[in-house]
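The next block holds one structure in the form of structure tokens; read it before the comments.
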Amino acid sequence: MQLQFLGTGAGQPSKARNVSSLVLKLLDEINEIWMFDCGEGTQRQILETTIKPRKIRKIFITHLHGDHVLGLPGFLSSRSFQASEEQTDIDLYGPVGIKSFVLASLKVTGARLPYRIHFHEFDEKSLGKIMEDDKFVVYADKLDHSIFCVGYRIMQKDLEGTLDAQKLIEAGVPFGPLFGRVKNGENIILEDGREIIAKDYISEPKKGKVITILGDTRKTPASVRLGVGADVLVHESTYGKGDEKIAKSHGHSTNIQAAQVAKEASAKRLLLNHVSSRFLGREVSQLAKDARAIFENTHVVRDLEEIDL
Ligand code: ZN
């Protein structure tokens, strides 16, 4: 599982940073990629990566500001251009309004998609669990921005322990139905009278990962709730240390506030994105340094950077 950042800038594209988009690569887990926000130019950023657009099966939108959604019409239209390739549907999650925006853009531009978009819109009253399948659950909660904006908590379900087949063979268990019984947790007696205790041959269940991806926000308790114990928390850092007042008036956060959220949530790792173009070079290092004084495991991400989870 990896996170790859397609755009890490705030508001408008700059030479160093495109506007917001990132993907959660779940290729090993479910052979899918999930996208979070799709600012203008996202499809060009994808060209710089190994991402195959048809593998993107879910898109989650945090809010309807242009720098988070204006790349959608272009991405959705050209996603279908490889006619020879298998066409896969998309599930699109986002605030009420995202459906009319996408449908109007596609209609006006005469786009005809050879795949379906399944819209899942929500408003303030229908937040909470917005998606669940046998491997993942996704929750959304309202943040504190200048328009309705959410953060997402993606929880991988715990992974069952796996059967150590080699160890069973070494114990002299004949390959066949007995393996299945041990895998199901059943203790078995072999012909020579020895007992095989199932749990000795099954690895411990593995805890699923928790990934929290927040949209634009002032510092708010909802961010902490979404980020509790997260393996990774992605938080905006539009402003730097000392800019708390202006951050608040524009509906954003500073690096310091993001670090405080990570600390209060006991997250394991903090990735800062949505960085203003005012910060360049050494100032970016300073953003990270100042945040680390509060939350040690902090990193300011760059466009196209890939982070292993
Ligand atoms: Zn915004």
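Does at least one position in region 253-262 carry a residue that is under 23 Å from Met155 (Cα atoms) and open to solvent by 30 Å² or more (accessible area, probe 1.4 Å)? There is at least one residue in region 253-262 that is under 23 Å from Met155 (Cα atoms) and open to solvent by 30 Å² or more (accessible area, probe 1.4 Å).
Restricting the first member to region 144-173 and to residues that are closer than 30 Å to Leu190 by Cβ, and the second to residues that are acidic (Asp, Glu) and away from the ligand (no atom under 16 Å from the Cβ), the beta-carbon pairs closer than 6 Å and six or more apart or on different chains are Gly161/Glu204. For region 190-222, residues that are within 16 Å of the ligand (Cβ to nearest atom) and in a loop (DSSP other than H, G, I, E, B) total 6. Selection within region 36-48: residues that are assigned to a helix (DSSP H, G or I), away from the ligand (no atom under 16 Å from the Cβ) and under 15 Å from Val69 (Cα atoms). The member of this set that is least open to solvent (accessible area, probe 1.4 Å) is Gln45.
Every residue, every condition in (1) open to solvent by less than 10 Å² (accessible area, probe 1.4 Å); (2) touching a strand residue (DSSP E or B) at 6+ places or on another chain (Cβ under 6 Å), yes or no:
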| position | (1), (2) |
| --- | --- |
| Pro13 | no, no |
| Ser21 | yes, yes |
| Leu26 | yes, yes |
| Asn31 | no, no |
| Trp34 | yes, yes |
| Arg54 | no, no |
| Arg57 | no, yes |
| His63 | yes, yes |
| Phe81 | no, no |
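Applying the selection to region 111-152, what residues are among the β-branched types (Val, Ile, Thr) and open to solvent by less than 60 Å² (accessible area, probe 1.4 Å)? Once the filter is applied, which keeps residues that are among the β-branched types (Val, Ile, Thr) and open to solvent by less than 60 Å² (accessible area, probe 1.4 Å), region 111-152 yields Ile117, Ile130, Val137, Val138, Val150. The number of residues in region 266-281 that are over 26 Å from Arg225 (Cβ atoms), surrounded by fewer than 17 Cβ atoms within 10 Å (Cβ to Cβ) and in contact (Cβ under 8 Å) with a residue 24 or more places away in the chain comes to 2. Screening the candidates Gly185, Gly180 for the property of being within 28 Å of Ile30 (Cα to Cα) and assigned to a loop (DSSP other than H, G, I, E, B) yields one hit, Gly185.
Would you confirm whether any residue within region 63-74 is more than 16 Å from the ligand (Cβ to nearest atom), touching a helix residue (DSSP H, G or I) at 6+ places or on another chain (Cβ under 9 Å) and more than 19 Å from Ile154 (Cβ to Cβ)? Yes, region 63-74 contains at least one residue that is more than 16 Å from the ligand (Cβ to nearest atom), touching a helix residue (DSSP H, G or I) at 6+ places or on another chain (Cβ under 9 Å) and more than 19 Å from Ile154 (Cβ to Cβ). For region 133-168, residues that are under 30 Å from Thr254 (Cα atoms), among the charged types (D, E, K, R) and away from the ligand (no atom under 16 Å from the Cβ) total 2. The set of residues from region 244-265 being within 16 Å of the ligand (Cβ to nearest atom) and without any contact (Cβ under 8 Å) to a residue 12 or more places away in the chain comprises Ile246, Ser249.
Within region 227-248, the residues that satisfy the criterion of being closer than 16 Å to Gln156 by Cβ and open to solvent by 10 Å² or more (accessible area, probe 1.4 Å) are Val228, Gly229, Asp231.
The values are calculated or read from the model by the stated rules, or taken from the named source; none is laboratory data. These numbers were taken from a predicted model, which means no experiment stands behind them. Please note: Cβ atoms are built from the backbone with ideal geometry, for glycine as well, and neighbour counts cover all protein chains shown. Note: areas computed on protein heavy atoms with side chains; ligands, DNA, RNA excluded. Shrake-Rupley method; radii C 1.70, N 1.55, O 1.52, S 1.80 Å.
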